[in-house]
1. Could you say which residue among VAL208, VAL243 is open to solvent by less than 80 Å² (accessible area, probe 1.4 Å), over 16 Å from LYS272 (Cα atoms), modelled with pLDDT under 90 and outside any loop (DSSP other than H, G, I, E, B)?
2. Which members of the stretch 34-57 meet the condition of being open to solvent by 20 Å² or more (accessible area, probe 1.4 Å) and touching a residue at least 12 places away in the same chain (Cβ under 8 Å)?
3. Determine which member of the set ALA168, ALA220 is aliphatic (A, V, I, L, M), open to solvent by less than 30 Å² (accessible area, probe 1.4 Å), in contact with a strand residue (DSSP E or B) (Cβ under 9 Å, 6 or more places away or on another chain) and not in a strand (DSSP E or B).
4. Out of (1) modelled with pLDDT under 85; (2) within 28 Å of THR107 (Cα to Cα), the odd one out for ALA24 is which?
Amino acid sequence: MKVLSKLQRYGLAVICCGLALPVAWPIDAPASCFLLAVMVSSLFGGLGPGLLSVTLSAIVYEHFFLWRTVPPAHEPAAFLRFTVFLIATLLTTGLLEMKRRAEEFRTRAEEDLRQAHSDLARVSRVTTMGELTASLAHEVNQPIAAAVTDANTSLRWLMRDPPDLEEARSAASRTVKDATRAAEIVSHVRQLFKKGSSPRELVDVNEVIREMTALLRSEATRHSISFRTQLAPALPPIMGDRVQLQQMLMNLMINGIEAMKDVDGQRELAVK
């Protein structure tokens, strides 16, 4: 819902009271029209516009309607009716303001709770990733070490007389591939630390599973746990948050590893 500005909220109170006057004029129960104006002003404007609406309604009701059909002998009854009207409008304004504040408090509480859940999930991921530091370092070191080896091989081929350009080119291509793999691992880890949500997009679930099994394979191997994946071929992509899917899958896989690491016998983590 669009939030009204302060001027618009007070203007709404004036307009509601102005509309209540011609509507109430031909009927025998004008108080209900002004009470409705007060309700609308308080509900959409808040306490200030609600009180302004009460004041304007009381002035208009007293000036145009209270004494219109009241003979002098019934003046006490008219005063009582006006007092009841005034109390009713004030109570309506107060109750609606309490309701509005309660809704605002609930909304803030829900937002704080969602933020707390998000922060707790992030702290949990950071703690988990801290425990996986050795395994992640191994995952990154593997392609880096391979890239260094391929780069040295490429240099040796180039230093031959004559240089073997084809072998050097092949070794250089492997260097690029290994360095790219290391960069992808680092990128995946950075995503898992990421706070908040990423844009929804078409996601290949099988690809996400392969990425996470590759990232956690060293951790599983450290506890003598093997991975087995059973993925449906040609699985259609889904619309979702890639990072949150990665985080969810990582949590499930780590929970499985934690549950099996002290179990005797064969240990296998299956992802289907």
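The values are calculated or read from the model by the stated rules, or taken from the named source; none is laboratory data. Quick caveat, the model's predicted, so the values are computed rather than measured. Cβ: placed from backbone, ideal geometry, glycine included. Neighbour counts: every protein chain shown. SASA here: full protein model, heavy atoms, side chains in, ligands and nucleic acids out. Shrake-Rupley method; radii C 1.70, N 1.55, O 1.52, S 1.80 Å.
1. Working: VAL208 fails: over 16 Å from LYS272 (Cα atoms).
Result of the check over VAL208, VAL243: VAL243.
2. Within the stretch 34-57, LEU35, LEU36, MET39, VAL40, LEU43, PHE44, LEU47, GLY48, LEU51, LEU52, LEU56 qualify.
3. Values: ALA168 fails: in contact with a strand residue (DSSP E or B) (Cβ under 9 Å, 6 or more places away or on another chain).
Checking each option against the conditions leaves just ALA220.
4. (2)
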